[in-house]
Amino acid sequence: SDADFAATVAEDLITLDEIDLMVVLHTPGTVVPVSTTAERYEVPTIALDCPLVSWLTGAPYNWSYCAFWTEPDVAEIFMGMWELVRNQTNEVACGLWSDDPDGLSFHDATIALAEERGYEFVDSGLVPYGTDDFSPYIEEWKGADAELLTGNFIPPDFATLWGQCYELGFVPKVATIGRSILFPPAVEALGGDLPMGLTTEVWWSPYHPFESSLTGQTSEELCAAWTEESGKQWTQPLGYSHAAFEVAVDVLERAGSLDKEKLRDAIAETNLDTIVGPINFQEPLSSEEIARYEEDYPELIDYKDHYSITPVVGGQWVKGTEWTWEIELVFNWKYDEIPETADMIL
């Protein structure tokens, strides 16, 4: 994702193609510059698949609305998985993150919650893209006798890090990594048995008990259709790409007009059951969410009317039956409707 290029494309769509409604997905590097460009031109915007604290770095928003999960929610998922095996570890954790908006937001949220939960934490900070020698960090973790590893990287950088961890004899009992191991090809690229037992966040899967408002397909049916047509394994963004069209069609139908203020009002009034779960920009934050957000994430309070929180659970990669590597759901947190499909292993 190139933020400058994304902003340029957005500006061309607005000024040259004269679009009425912007739809944008996938990573802060794309979603934030497109949302802010649309904001500048007062174009109604539907955003999905961008962590919300990172998305709010582009605020103030009046024309943009986003549906996804928050970084402190993912920290809850990470810690929840650690708690499942806590009594089998020494409770010493370490972490390293890419030097970008995703990395920074995951760094802050994860460390704060880990220390609150009583873990001893070795914070190795942020690293630039393309780092090819992680040995100083690995030696630091070995010296601290860390048994839990977390971080957030672009996939090639984590592949380099994880391979060097094994080469240098650092094999933590738990490795919980954001972003890097969401896609099956990135997992397979680690090679050999290195993916076994890696844990990460899961935003959507064939196990999620939701249906499309457009086609009536279940999550499982959409994944099966994707595989039949493409020959490829399902991926998490598939559901969000589909849900983006669900929200856009719903907004256009309810607005009954291409007037930009009517479109914006229709987005703000969205309350739709989608294939990724309910998207409701008018649903108030729960008292539990307010308590978790208000001290460290005031922006989540200030812009609570511009986003909708979607479910996130914890998953673990294991050897598959249909595919080389498959992800099992091992921690569903507060989303009881999403089944846990396996027990977590070290």
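Details
Quick grid of which residues meet (1) surrounded by fewer than 23 Cβ atoms within 10 Å (Cβ to Cβ); (2) polar (S, T, N, Q); (3) in contact (Cβ under 8 Å) with a residue 60 or more places away in the chain:
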{"site": "Leu13", "(1), (2), (3)": "yes, no, no"}
{"site": "Leu16", "(1), (2), (3)": "yes, no, no"}
{"site": "Thr36", "(1), (2), (3)": "yes, yes, no"}
{"site": "Cys50", "(1), (2), (3)": "no, no, no"}
{"site": "Phe68", "(1), (2), (3)": "no, no, yes"}
{"site": "Val74", "(1), (2), (3)": "no, no, yes"}
{"site": "Val122", "(1), (2), (3)": "yes, no, no"}
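- Among (1) in contact (Cβ under 8 Å) with a residue 40 or more places away in the chain; (2) under 21 Å from the mean Cα position of the chain (by Cα) - the single one Ile290 does not satisfy: (1)
- Conditions (1) without any contact (Cβ under 8 Å) to a residue 24 or more places away in the chain; (2) assigned to a loop (DSSP other than H, G, I, E, B); (3) closer than 21 Å to Thr341 by Cβ; number of the one not met by Val171: (3)
- Which numbered condition Tyr207 misses (of (1) farther than 19 Å from Ser241 by Cβ; (2) buried (at least 18 other Cβ atoms within 10 Å of the Cβ); (3) touching a Leu at 6+ places or on another chain (Cβ under 7 Å)): (1)
- Of residues in the stretch 135-187 being of a type in the set (D, E, K, R) and either at pLDDT 95 or above or touching a His at 6+ places or on another chain (Cβ under 7 Å) (or both), the one most open to solvent (accessible area, probe 1.4 Å): Glu167
- Selection count, the stretch 101-117, where residues are open to solvent by less than 20 Å² (accessible area, probe 1.4 Å) and either modelled with pLDDT under 90 or in contact with a His (Cβ under 7 Å, 6 or more places away or on another chain) (or both): 2
- Every residue from the stretch 95-122 that is over 21 Å from the mean Cα position of the chain (by Cα) and under 16 Å from Val174 (Cα atoms): Tyr119, Glu120, Phe121, Val122
- Among (1) within 30 Å of Glu188 (Cβ to Cβ); (2) over 22 Å from the mean Cα position of the chain (by Cα); (3) open to solvent by 60 Å² or more (accessible area, probe 1.4 Å), the one test that Ala225 misses: (3)
- Considering the stretch 1-11, the residues that are open to solvent by 60 Å² or more (accessible area, probe 1.4 Å) and of a type outside the set (Val, Ile, Thr) include one that is farthest from Trp69 (Cα to Cα), namely Glu11.
- Flag set for Asn280, criterion: surrounded by 14 or more Cβ atoms within 10 Å (Cβ to Cβ) and touching a strand residue (DSSP E or B) at 6+ places or on another chain (Cβ under 9 Å).
- The stretch 298-317, residues that are in contact (Cβ under 8 Å) with a residue 40 or more places away in the chain and open to solvent by 30 Å² or more (accessible area, probe 1.4 Å): Glu299, Asp302, Tyr303, Ile309
- Strands (runs of 3 or more DSSP E) enclosed by the stretch 289-336 - at least 1 residues per element that are of a type in the set (Asp, Glu): 325-331
- Single match in Val247, Val251 (criterion: of a type in the set (Val, Ile, Thr), crowded, with 19+ Cβ neighbours inside 10 Å and more than 21 Å from the chain's Cα centre (by Cα)): Val251
The values are calculated or read from the model by the stated rules, or taken from the named source; none is laboratory data. Being a predicted model, the structure only gives us computed values, none of them experimental. Ideal geometry is used to build each Cβ from the backbone, glycine not excepted, and the neighbour counts take in all protein chains shown. Accessible surface areas use protein heavy atoms only, side chains included; no ligands, DNA or RNA. Shrake-Rupley method; radii C 1.70, N 1.55, O 1.52, S 1.80 Å.
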